[in-house]
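Enquirer: Just dropping this structure here.
Values quoted throughout were computed directly from the atomic coordinates according to the rules given, and no laboratory measurement underlies them. Worth saying up front: this structure is predicted, and the values here are computed from it rather than measured. For neighbour counting, all protein chains shown are included, and Cβ atoms are generated from backbone atoms with ideal geometry for every residue, glycine included.
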Amino acid sequence: MTATRAGFVAIIGAPNAGKSTLVNRLVGSKVSIVTHKVQTTRFPIRGVMMRGQSQVVLVDTPGIFAPKRRLDRAMVKSAWDGAGDADAMVHLVDARHWTGHGDKSEDEAIIARLKELGAKAILALNKIDLVERSGLLAATQALFDAGVYSDVVMISGLKGDGVDQLADMIAGRMPEGPYLFPEDQSADIPVRMLAAEVTREKLMLRLHQEIPYQLTVETETWEKIGKGGIKIGQLIHVSREGHRSIVLGKGGQTIKEVGTASRKELTEMLGKPVHLFLRVKVSERWQDNRERFTAIGLDFDA
């Protein structure tokens, strides 16, 4: 009988490199929110991928960037902590930034940090469907010459190109041992937290121009009702009164649309009827609230 393998893989990278999209594709279900705005992942979300006899626990870390606020510092610390505890690392790089269409500085900072740690990562050059093939080889060579990569894989997390190759590669690196989670479990994120993340995703998609990141969502109540239904109450925290008006929208239309989209996805995700109730509160200093940091798994004192 073939021995089982199990371990952790950290997916690190600059903001908006495509980490959440890749984790969702590897796992085969939605465990991490995906939007076109950077910095949507605020805490490590572990997705569980089964590959042959290997169980791979994927740590989808926040994008690594230059921190300014307390929340930023906690997010970056969380990213590196997740990477340091893993059995393998994947550095996901937006190929566009290395073919003349973007800023390479954040990737270069990650490379410098990997050198400091003496760590080796798998380089996954992402979004290859958006660049000319002629520039990919030069970009790959420039990155590999940094000396911090053991392997290189070209992928499109969105379309799936090269993802099977990457999955096989990381599965083969897992140490022998028993599975860490039940085989049918896709993530270890608490379901209430995931529900809050779903609603936050809908808010960011709807309000990306008006409110970039000045909001968060928490699930306040979770009650079983009727024949298998769930009644969920969520609180949306915003930093300013003006933001509250934007979230509500004229005549409450915006929050109604967000609630409808979130309820539909939660119903599909949970496989049972969901009754979702949203309310909005002005919490000017929610980003400096120790309890809220702890609730989403971040270090307040980072």
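Enquirer: In nm, to one decimal, how far is the residue 267 label point from the residue 113 one, both placed 7 Å along Cα→Cβ?
Expert: 4.1
Enquirer: Still on this structure, I have one more. Across region 142-148, in residue order, what do the Karplus-derived ³J(HN,Hα) couplings come to in whole Hz, using 6.51 cos²θ - 1.76 cosθ + 1.60 with θ = phi - 60° and x for Gly and Pro?
Expert: Taking θ as phi minus 60°, the curve returns 4, 6, 5, 5, 5, x, 10 Hz for region 142-148.
Enquirer: Also: Quick one: compute the contact order of region 88-209, relative version, from alpha carbon pairs under 8 angstrom and 6+ residues apart, as a percent. Show your work: numbers first, answer last.
Expert: Values: 109 pairs, mean separation 28.3, N = 122.
With pairs under 8 Å counted, the relative contact order is 23 percent.
Enquirer: Once the Cβ-Cβ distance between residue 260 and residue 192 is put in as r, and R0 is 22 Å, what FRET efficiency do you end up with, to the nearest 0.05? Walk me through the intermediate numbers first.
Expert: Numbers: r = 20 Å, r/R0 = 0.91.
Efficiency at R0 = 22 Å is approximately 0.65.
Enquirer: Mind listing the phi-derived Karplus ³J(HN,Hα) values for region 17-27, rounded to whole Hz, using 6.51, -1.76 and 1.60 with θ = phi - 60°, and x for any glycine or proline?
Expert: 6, x, 4, 5, 4, 5, 4, 4, 6, 5, 6
Enquirer: I would also like to ask the following. Take the alpha carbon gyration tensor of region 130-283, find the square roots of its eigenvalues, order them as a ≥ b ≥ c, and report rounded if a/c is under 1.5; if not, report prolate when a/b exceeds b/c, else oblate. Walk me through the numbers before you get to the answer.
Expert: Working: a/c = 2.76, a/b = 1.59, b/c = 1.74.
Cα axes put region 130-283 in the oblate bin.
Enquirer: Still on this model: List the residues whose amide H sits under 5 Å from the amide H of residue 149, counting only those 5 or more places along or on another chain, with H placed 1.01 Å from N in the peptide plane.
Expert: Correct list: 121.
Enquirer: How far apart, in nm, are two points set 7 Å out from the Cα along the Cα-to-Cβ line at residue 87 and at residue 227?
Expert: Modelled inter-label distance: 4.5 nm.
Enquirer: Which of rounded, prolate, oblate describes region 119-208, given a ≥ b ≥ c as roots of the alpha-carbon gyration tensor eigenvalues and a/c under 1.5 marking rounded, otherwise prolate only if a/b is larger than b/c?
Expert: On the way: a/c = 2.47, a/b = 1.28, b/c = 1.93.
Oblate is the answer for region 119-208, as a/c is 1.5 or above yet b/c matches or exceeds a/b.
Enquirer: Find how much the distance from residue 208 to residue 250 grows on full extension, using 0.36 nm per residue of separation minus their present alpha carbon separation; answer in nm with one decimal. Don't skip to the answer; put the middle values down first.
Expert: Values: separation 42, 0.36 × 42 = 15.12 nm, distance 1.71 nm.
Between residue 208 and residue 250, full extension yields 13.4 nm more.
Enquirer: For region 1-22, list residues with backbone N below 19 Å from a point placed 7 Å from the Cα of residue 158 toward its Cβ?
Expert: 13-22
Enquirer: Between residue 279 and residue 96, what is the label-point separation in nm under the 7 Å Cα-to-beta-carbon projection?
Expert: Placing both labels 7 Å beyond Cα along the Cβ direction yields 4.1 nm.
Enquirer: Under 5 Å between amide H atoms, partner at least 5 residues away or on a different chain: which partners does residue 54 have, H built in plane at 1.01 Å?
Expert: 5
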